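The values are calculated or read from the model by the stated rules, or taken from the named source; none is laboratory data. Since this is a predicted model, take the numbers as computed values, not measurements. Virtual Cβ from ideal backbone geometry, glycine too; neighbours counted across all protein chains shown.
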Amino acid sequence: MATTYYFDRDTKVYAHVPLTTAGTKSMYYELPVLDGFSFSQATNASEITLNQAQSTGGASLRARQMFNDSYAPAEWSFSTYMAPYTTGGGTQGTAGVGSATDGHHREVSEAMWGMFFDQTVNGCLTADSTDLSISPSNSNKATIGIFDLYFVFGGAKIAYSSGVPASGYADGAQKIYKIANCSVNEFSFDFDIDGIATVAWSGQGKIITEESALDLSSSTALITEGVTNTTGFIRNRVSDLTLSSEVSGSSVTYVTTLTGGNITGTNNLTYLTPETLGVVNQPLGHVTGTRNIGGNVTCYLDNDTNASAELFEDAIEATTDIQNVSSFTFDIGASTAPYLMLLMPTCHIEVPTIAIDDVISLETNFHALPSSISGTNEITTFNFFGKDVNA
């Protein structure tokens, strides 16, 4: 029998997510992941050792025993491009056809945004002919979205017909791994001005299993539209930032041209695992912790009016401010489709740091906060604007 090897470039990744009802996984999304994905799971073990003085015969027990107590939560991570598009038609939930009505704005990793901020995809996303709007309004929950991830090694070799795999995946021809009951713990994207807008996703799941088959035939609710679209990538270099702050004592709009930066959101999930003796326990599920959204931006030190040098001066001289309020508006893609508009209106900024390099730069850390302790409006505008998937 010939030996079969699998390569990461031949891998397909699918997320089986709840569309409208929490806990009911009803829609598959194909996720166009980048090189560098990973998944793993460890066991928690107890070591029992013996330590005694020697007997009259000069012997001393020095043995040890190991016991598996439980499985640690499975860890997974991968990256996707930000790739918004407008659909070419079809009805949501129909395999291999458009993911929404013709001309509606979508994004290839929209399911992951839904699982980070909500318990269902449709509870977080609103897609229409204007934009794809992502709302964090339902994110104050003890648990977030639960979904399954499938990693299909060798899956890229299967031909597609009408947007779906022409034949099902089967063990042998492909190697199929499932991570059950996953949750998104963190998203992070960098402003690499020479790169394409990319989001790094990471989280946990209950357990990894090897599956004998995965049927994504025409009878399965599968969204693949936009995955092969080559016109939907967002260029970081044409992005800009509008920063309005009150660190000077009154509202000032500072002129900032980015050279880099990062935005990160974290759910701070904790997985609960029983500790029953005599069995190998599995993770029961997750609970959410504090929701953290923030990041940093870098720019050159510029001495023009209301430029970065003045921001540094105003921030470092605000010695009596217990809190400060700043508004960050990111236009990732320069308002030309495809692009993303992101507004965080209530940010707390730290004193910027001067970075000594060939050109002196300024780095500013910020923390996006809700307007009230019970609020969920760290981000008030989170809109994708796509380009025709058939263009």
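When the residues of region 1-35 are filtered to those that are within 30 Å of residue 117 (Cβ to Cβ), of a type in the set (D, E, K, R) and not in a strand (DSSP E or B), which remaining residue is modelled with the highest pLDDT?
My answer is 35.
Name the residues in region 42-62 that are touching a residue at least 24 places away in the same chain (Cβ under 8 Å) and small (Gly, Ala, Ser), would you?
Passing the criteria: 42, 45.
Do any strands (runs of 3 or more DSSP E) lying entirely in region 146-216 carry at least 1 residues that are of a type in the set (S, T, N, Q) and modelled with pLDDT of 95 or more, and which ones are they?
Strands (runs of 3 or more DSSP E) meeting the threshold: 175-190, 198-205, 207-211.
Restricting region 225-235 to residues that are surrounded by fewer than 23 Cβ atoms within 10 Å (Cβ to Cβ) and under 19 Å from the mean Cα position of the chain (by Cα), which is farthest from residue 108 (Cα to Cα)?
235
Can you tell me which of (1) part of a loop (DSSP other than H, G, I, E, B); (2) at pLDDT below 95; (3) touching a strand residue (DSSP E or B) at 6+ places or on another chain (Cβ under 7 Å) is the one residue 378 doesn't meet?
For residue 378, the failing item is (2).
Keeping to region 66-94, report how many residues are surrounded by fewer than 16 Cβ atoms within 10 Å (Cβ to Cβ), of a type in the set (S, T, N, Q) and at pLDDT 90 or above.
Within region 66-94, residues that are surrounded by fewer than 16 Cβ atoms within 10 Å (Cβ to Cβ), of a type in the set (S, T, N, Q) and at pLDDT 90 or above number 1.
Please go through region 36-50 and give me each residue that is in contact with a Ser or Thr (Cβ under 8 Å, 6 or more places away or on another chain) and not in a loop (DSSP other than H, G, I, E, B), ordered by number.
38, 39, 43, 44
Looking at region 233-271, which of its residues are closer than 19 Å to residue 308 by Cα and either free of Cβ contacts under 8 Å to residues at least 24 places away in the same chain or among the aromatic types (Phe, Trp, Tyr) (or both)?
250, 251, 254
Scan region 275-307 for residues that are surrounded by 18 or more Cβ atoms within 10 Å (Cβ to Cβ) and assigned to a loop (DSSP other than H, G, I, E, B) and jot them down.
283, 291, 302, 307
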